[in-house]
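The values are calculated or read from the model by the stated rules, or taken from the named source; none is laboratory data. Since we're looking at a predicted model, the values are computed, not measured. Counting neighbours? That spans all protein chains shown, and the Cβs are built from the backbone with ideal geometry, glycine included. We work out accessible area using only protein heavy atoms, side chains counted, and drop any ligands, DNA or RNA first. Shrake-Rupley method; radii C 1.70, N 1.55, O 1.52, S 1.80 Å.
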Amino acid sequence: MASIYNCVECGNNLNLHTNHLYPPDFYFEAGNKGTLSFAVVDSTKFNFEKEDKIMPFFETLNYWGIQRKRVKIKCSCCGRLVGYVYDDGPPLTESPGQFHFGPSQVVPRAPRYRFKNKALRITHET
């Protein structure tokens, strides 16, 4: 059964395909609560805006914050924020990593497009 994903504000069809959807129990570093994650999106349906934010978190004198780098996904029709792009997807290579301990942070990772459930209107095709 296929699903159609529309923007909740303007009703624009976002052209997201169910076969690119990650399973709900797939582990990601950035989490997946209240969201749907896709491996591929149609970039003509979205505007992408880089976000580089430092959140103050003072633990010691030398440690002054947490840096968050991500990309906002906005609907190209109405400009509503619908999700974020993270780089914590599956590794782009089949390499076992250094010393065969698995892929490390050095191995480039596939982008993951994470959409908020409350920003999507999902209808099921029969």
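Just for the range 51-70: of the residues that are open to solvent by less than 40 Å² (accessible area, probe 1.4 Å) and either within 20 Å of the chain's Cα centre (by Cα) or β-branched (Val, Ile, Thr) (or both), which one is modelled with the highest pLDDT?
Looking only at the range 51-70, we keep the residues that are open to solvent by less than 40 Å² (accessible area, probe 1.4 Å), and these are 51, 65, 70.
Keeping just the survivors that are either within 20 Å of the chain's Cα centre (by Cα) or β-branched (Val, Ile, Thr) (or both) gives 51, 70.
Values: Glu51: 86, Arg70: 81.
Filtering first and then ranking leaves Glu51.
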- Task: Could you list, in sequence order, all residues of the range 22-40 that are hydrophobic (A, V, I, L, M, F, W, C) and surrounded by fewer than 18 Cβ atoms within 10 Å (Cβ to Cβ)?
- Result: Phe26, Phe28, Ala30, Ala39, Val40
- Note on the structure: Among residues of the range 1-21 being farther than 15 Å from Leu81 by Cα and in a loop (DSSP other than H, G, I, E, B), the residue most open to solvent (accessible area, probe 1.4 Å) is Met1
- Item | Matching residues in the range 85-126 - criterion: being among the hydroxyl-bearing types (Ser, Thr, Tyr) and modelled with pLDDT of 75 or more | Tyr86, Tyr113, Thr123
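Considering only the range 22-32, I want to know if a residue exists there that is part of a strand (DSSP E or B) and under 21 Å from Leu81 (Cα atoms). Spell out the reasoning first.
Within the range 22-32, the subset part of a strand (DSSP E or B) is none.
The answer is no; no qualifying residue exists.
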